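Novice: Before I ask anything, here is the structure I am working with.
Just so it is clear, none of the values below were taken in a lab; they were calculated from the coordinates. The structure displayed is predicted, hence computed values, not measured ones. Don't worry about glycine lacking a Cβ; one is built from the backbone with ideal geometry, like all the others, and counts go over all protein chains shown.
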Amino acid sequence: MLWQSTGSYKAAARLASATPPPAHILSRGIGWQGIGILLDGLFGTLTGSTVSVENVGLLGSTRVGSRRVIQISAGFMIFFSILGKFGALFASIPFTIFAAVYCVLFGIVASVGLSFMQFTNMNSMRNLFIIGVAMFLGLSVPEYYREYTAKALHGPAHTRAVWFNDFLNTIFFSSPTVALIVAVLLDNTLDYKDSARDRGMPWWANFRTFKGDGRSEEFYSLPFNLNRFFPPS
């Protein structure tokens, strides 16, 4: 959930033409998300609160990232949830329509992640090697796990510890997780010290702190002078 939230925050900032959120902003967002999950538990909801990746893609397709629009939309959702007829109307929408919309929205978010590659040196054989190996293993390893499970009726990890089997098989069933593990491992071990510029680290260094870029206050200041309760670090 934390990975999804962090990635969604960065994608939303990118699609809204804002600077990358510094660590303070990410911590603030995840902290409020934790409070939301606590309230969900108190009210007995079936699922916890998390960042909606679909809404991030919707932000990119509509080019609307205003807080006021989100607030008004939330008000409409609360109002219409009281009226059962509107819920029945949305429930009557065919699943194929939802699937088509999800294909577009998830595709936009995925392309945003790839767009960050422009800040690295894509002429570097090191970077090309890391990206290629991560993508290949991210596709092939989960496919191997699926085929193995279909034939053997259990995953490749098959020990007496059921919890360990479930943990390991779940990780390697996920293509994004495998690609992330491989990419992070290679990026932090393969010619690590002499490749900072090729990895795009000088560009990211400007956004590690709230005051590292003068535009951060413009994009991430809270309304009603609430910044005094959440001072940037």
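Novice: Placing +1 at every Lys and Arg Cβ and -1 at every Asp and Glu Cβ, with all other atoms neutral, what dipole size does segment 50-155 have around its Cα centre, in debye to the nearest 20?
Specialist: Dipole of segment 50-155, to the nearest 20 debye: 260 debye.
Novice: Also, I was wondering about something else. Determine, from the Cβ-Cβ distance of residue 16 and residue 197 and an R0 of 35 Å, the FRET efficiency 1/(1 + (r/R0)^6), rounded to the nearest 0.05.
Specialist: Here the calculated transfer efficiency is 0.80.
Novice: How many nm is it between the label spots at residue 93 and residue 133, if each spot is 7 Å from the Cα in line with the beta carbon?
Specialist: Result: 4.3 nm between the two label points.
Novice: Loop only per DSSP, at most 13 neighbouring Cβ atoms within 10 Å: give me the trypsin sites (Lys or Arg not before Pro) in segment 1-64, ordered by residue number.
Specialist: Filter output for segment 1-64: 63.
Novice: Let me ask something additional. Taking the Cα centre of the chain as the origin and placing charges on Cβ (Lys, Arg +1; Asp, Glu -1), which of 223, 105, 33 is farthest toward the positive end of the dipole?
Specialist: Looking along the dipole axis, the top candidate is 223.
Novice: Also, I was wondering about something else. Once you have all Cα-Cα distances for the chain, histogram them in 5 Å bins from zero and send the whole-percent values.
Specialist: Calculated P(r), rounded to whole percents: 1, 5, 9, 12, 16, 16, 14, 11, 9, 5, 2, 0, 0.
Novice: Using mean Cβ contacts within 10 Å as the protection proxy, how do 103-111, 80-88, 193-201 order, highest first?
Specialist: Most protected by this proxy first, the peptides run 103-111, 193-201, 80-88.
Novice: Are there DSSP H segments in the chain that both extend 15 Å or more along their axis (alpha-carbon positions) and score a mean Kyte-Doolittle hydropathy of at least 1.0? List them, or say none.
Specialist: Sorted by number, the helices that extend far enough and score high enough are 67-82, 95-115, 175-187.
Novice: Once R0 is set to 25 Å, what does the formula 1/(1 + (r/R0)^6) return for the Cβ-Cβ distance between residue 209 and residue 122, expressed as a FRET efficiency to the nearest 0.05?
Specialist: Calculated transfer efficiency: 0.35.
Novice: Against the globular-protein guess of 2.2 N^0.38 Å, express the Cα radius of gyration of segment 121-199 as a ratio, rounded to two decimals.
Specialist: Here the answer is 1.35, to two decimals.
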